[in-house]
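Remarks on the structure that follows.
The values are calculated or read from the model by the stated rules, or taken from the named source; none is laboratory data. Computed from a prediction, not measured in an experiment: that's the story for all the values here. Reconstructed Cβ throughout: ideal geometry from the backbone, glycine too, with neighbour counts over all protein chains shown. Note: accessible area is taken over every heavy atom of the protein model, side chains too, but ligands, DNA and RNA are not part of it. Shrake-Rupley method; radii C 1.70, N 1.55, O 1.52, S 1.80 Å.
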Amino acid sequence: MPVRLRHDALLACALAVLMTLAWSWADRAHLAMLRLPDTDDVVRLQQIRDWVGGQRWSDLAQHRLGPAPGLPMHWSRLADLGPAAIVAALTPWTGAPHAELAAVIVWPGLLFAVALWLVARIARRVGGAGTAMTAIVVAALAYPATSLFLPGRIDHHNMQIVLLLAAILAMLDGRGRTAAIAGACIGASLIVGLETLPILATLGAVVLWRWACTGTGRPLAAFGLGIAATLAAGRLLFAGDGFAFPACDGFTAAAFAAALVLALALPVVALAGRRAGDRRGRLVAMAAVVVPATGLVLLRSPQCLSPYGAVDPRLVALWLSQVEEAQSVLAAPPATSLGYLGLAAVGLAATLWQAYRRRSADWTMLALLLAVALAIAAWQLRGAGAAAILAVPGLAALIAAARRRGGGWLALAWIGSAGMAYPLAARALTGPGTPVAPVGGARGDCGSPAAMTALAALPPGTVMAPVDAGAWALAATRHRVLAAPYHRNAAGNLAAYRFYAAPPAQAARIAAAVDVDYVMACAGLPGAADPRSAAATLARGRGLPGFARRSVATDGTTIFARQRLSGAVPTP
């Protein structure tokens, strides 16, 4: 490895280790009890536990989630491999809890180091040697991208960021071999999940346009074949029992067929345009192949036009539209949008400036990818992580230019490039505010550590709880949970919302119909605004017909048990 690249790698690793240790120390209380940052992280941990504990490789269902026999998850084993390997390797030496703790710290930290190094390589390639180390520091502060690499973040979003950066770096080289590597990274990302699909599709459009302009077909063919080969390998290795699930929300048959057709269209385009003498002829050849291929995709996999179109409209209104990261900039408070999108917006301006000043195809590609990522984030704030990391090369170049103009300009450039400054500014704009805390400190979703401790002490049964609490209960207890924040679990989630909103007698009938053993109650239950609802009744500490108070957590969360279970204490 050349000296300059070795220096980039050393700085990336040192910064990733330092920040991971600092984050781990700051969050040591939660990490010690494997209270991970997000519900997806904790359910991913449970998926790994199930697999390491003997669940079949192809069985991706959560068998304790939703109505029996369980919920087929839209996730992939590919994202399980890293954390699971650490758990399996360390468990014989440290025991499972310590092995899991090591996995949830080491795996995100490792991906963070790789991401920082890839950003440095991209910045060095497009901006010169003076931007590489600056890019590492800017990337380490690039909120909200950095939040995807916190200890405990073992869900797949950080892995997708790494694969996206690797694909971009490979495309900057422009040769056939590296184009195949870029295609392989894109194929792997599609196997992991579809969240970055529009950015990946934009990268494919860039490859097509470059071919149309230059007529060099080898990179285009290699790119498409790299995607197709990786998808084919993924079909053999990672297609789960739910591969035929009628949706386009993960690595399903519909998504696989759509991606494979479009990937194979690329080498066909290169072959069809070999004799075209100019760009116009190549564009005609491209349209002659891509348009029919797109029509075939729409005919074969129409659900890919709306991956979440199958979600019940009632759940969209009750749950999905209320999730902060799923909101658009129009629905979210302005301060929230500033915190999520501020860095990417400044980075887009800096990247466009570089593209204009240098007349560079590489900078133009980065600007286009960042613009698409920013548009995705404006539609759903959860896309802001990819936008923030793509902003880094432009911001590093901005700092390099400011360094030549003097200290004042340099200070302004660093402030504008510091991703953590934007959520701090957003917090300042919203004012100090006084949060309203429920009596006893209950979280409002019944998923607090104290509530989980109380629930885990009860004999296994089926739990009725708010949607978010279900994810925590899956990992912290042996119970089945009816609801959890996953769009495929329509039946269980709708039953939970109907239960809490219904009058007490009707709620008791709903609970009996789905064979519920325990009901959780805490402040902020859905439906509690209606004083006649079961949620309001439970929040007042009163049970429903057929249920009695069984346990009260230290934070005030109350668990009611169906009276067929022994040990229930009658509600006064």
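Projecting the Cα atoms of Thr214, Val106, His30 onto the dipole axis of the chain, where Lys and Arg carry +1 and Asp and Glu carry -1 at the beta carbon, places Thr214 farthest toward the positive end.
Listed values [x] 1.00; [y] 1.04; [z] 0.97 include one computed from this model; for Rg/Rh (Cα atoms, Kirkwood Rh) that value carries the label [x].
Using the Cβ-Cβ distance between Asp312 and Trp353 with R0 = 41 Å, the FRET efficiency computed as 1/(1 + (r/R0)^6) comes to roughly 0.35. Put a plus charge on the Cβ of each Lys and Arg, a minus charge on the Cβ of each Asp and Glu, and nothing anywhere else: the dipole of the stretch 439-543 about its Cα centre is then about 120 debye. In the full protein context, the chain carries 42 Å² of accessible surface per residue, based on a 1.4 Å probe and ignoring ligands, DNA and RNA. Computed with a 1.4 Å probe over protein heavy atoms only, the accessible area of Leu458 comes to about 10 Å².
Beta bridges from DSSP with both residues in the chain: antiparallel share about 70 percent, rounded to the nearest 5.
Assuming charge only on the beta carbon of Lys and Arg (+1) and of Asp and Glu (-1), the dipole of the chain about its Cα centre is about 1200 debye to the nearest 20.
Placing unit charges on each Cβ (+1 for Lys and Arg, -1 for Asp and Glu) gives the chain a dipole about its Cα centre, and among Ala377, Tyr500, Pro292 the Cα reaching farthest toward its positive end belongs to Pro292. Over the chain, DSSP H runs of length four or greater, each weighted -39,500 (n - 2.57), average out per residue to a 222 nm ellipticity of -20000 deg cm²/dmol.
Basic side chains Lys and Arg get +1 at the Cβ, acidic Asp and Glu get -1 at the Cβ, and with that the dipole of the stretch 226-303 about its Cα centre reaches some 500 debye. Computed in the context of the full set of protein chains, the accessible area of the chain at 1.4 Å probe radius has 66% of its extent on carbon or sulfur. Only one residue of Asn489, Gly524, Ile227 has its Cα farthest out toward the positive end of the dipole of the chain, where Lys and Arg carry +1 and Asp and Glu -1 on Cβ, and that residue is Ile227. Would you please classify the overall shape of the stretch 242-342 from the alpha carbon gyration tensor, given that a ≥ b ≥ c denote the square roots of the eigenvalues, rounded means a/c under 1.5, and beyond that prolate means a/b larger than b/c while oblate covers the rest? Oblate is the answer for the stretch 242-342, as a/c is 1.5 or above yet b/c matches or exceeds a/b. When His98, His74 are compared by accessible area of protein heavy atoms, the largest-first order is His98, His74, using a 1.4 Å probe.
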